[in-house]
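Step one of this worksheet: look at the structure below.
Each reported figure results from applying straightforward, stated rules to the coordinates on display, with no laboratory input. No experiment lies behind these values; they were computed from the predicted model shown. Because the Cβ atoms are built from the backbone with ideal geometry, glycine has one as well, and the counts that use them run over all protein chains shown.
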Amino acid sequence: MKKKFYLVGALAASLLLVSCNETKEEENTQSEPMEQNEGEENKEDSEDQEEEKTEFGTKKVDVSKAISTEELLAQFEGKTEMEATFKAKINEVCSKMGCWININKGDGETFMVRFKDHFTIPTETEVGTVAYLTGTAIQDTISVDDQRHYLEDANAPQEEIDAITEDKYEMTFIAEGIKLEK
């Protein structure tokens, strides 16, 4: 009697498994092409949106509050930290990931803008592109290793990278948002 229960139970379980597998295979066969097409469309849509996208970061930039780079530097003089929104032309973009930019101070020198929470902008953003940035200007120590890393990101010659031997203490801007003019 026990053998019959085991036999009937095993038979029922195997029938259940076979019928479930056939149903899943039918569902997979029917839904796979649709999912692939949707995925392809979504990929194309996201690429189009990425090309058109002009705002990046966690904070929206209010361009009406933007001051010039010169005003930013003048207002920051003697301070160690200051929140600001400013307008500038991009002097250089990280060629590896788009994770930082350099802004010309107007005297041939530049200062670095890093992006808070490691957001990025397109690496193909052109030098001279006008950008509106919002965030915090800070006096920051930039280590030898970081300076060398940034030069490597910028594809600088090895001689220039090796010439860095001392930390720098200078203004850096930590951007929470950036809006590029197209």
Q | ³J(HN,Hα), Karplus 6.51/-1.76/1.60, whole Hz, each residue of region 161-176, x for Gly, Pro | A | 5, 5, 6, 6, 10, 9, 5, 10, 10, 7, 6, 10, 10, 9, 8, 9
Q. Going by a ≥ b ≥ c, the root eigenvalues of the Cα gyration tensor, does region 48-100 fall in the rounded group (a/c under 1.5), the prolate group (a/b larger than b/c) or the oblate group?
A. prolate
(Q) Please compute the modelled spin-label separation between Glu52 and Lys182, points set 7 Å along Cα→Cβ, answer in nm with one decimal. (A) 0.7 nm
(Q) Among DSSP bridges having both ends in region 53-130, what percentage is antiparallel? Round to the nearest 5. (A) 80 percent
Q. So, in Å, what gap is there between the alpha-carbon centers of region 135-158 and region 80-118?
A. 11 Å
Q) At q = 0.23 Å⁻¹, what is the log10 ratio I(q)/I(0) for region 55-180, with the Debye formula run over Cα points and no solvent? A) -1.53
Q. Using a simple spin-label model with points 7 Å from Cα along the Cα→Cβ vector, what separation in nm is obtained for Thr120 and Ser68?
A. 3.4 nm
Q: In nm, give the distance between the simple-model label positions of Val144 and Glu77, each being 7 Å from the Cα along the Cα-to-Cβ direction.
A: 3.4 nm
Q | Cys99, Cys94 arranged by Cβ crowding within 10 Å, fewest neighbours leading | A | Cys99, Cys94
Q: Quick one: order Val93, Val63 by neighbouring beta-carbon count within 10 Å, fewest to most.
A: Val63, Val93
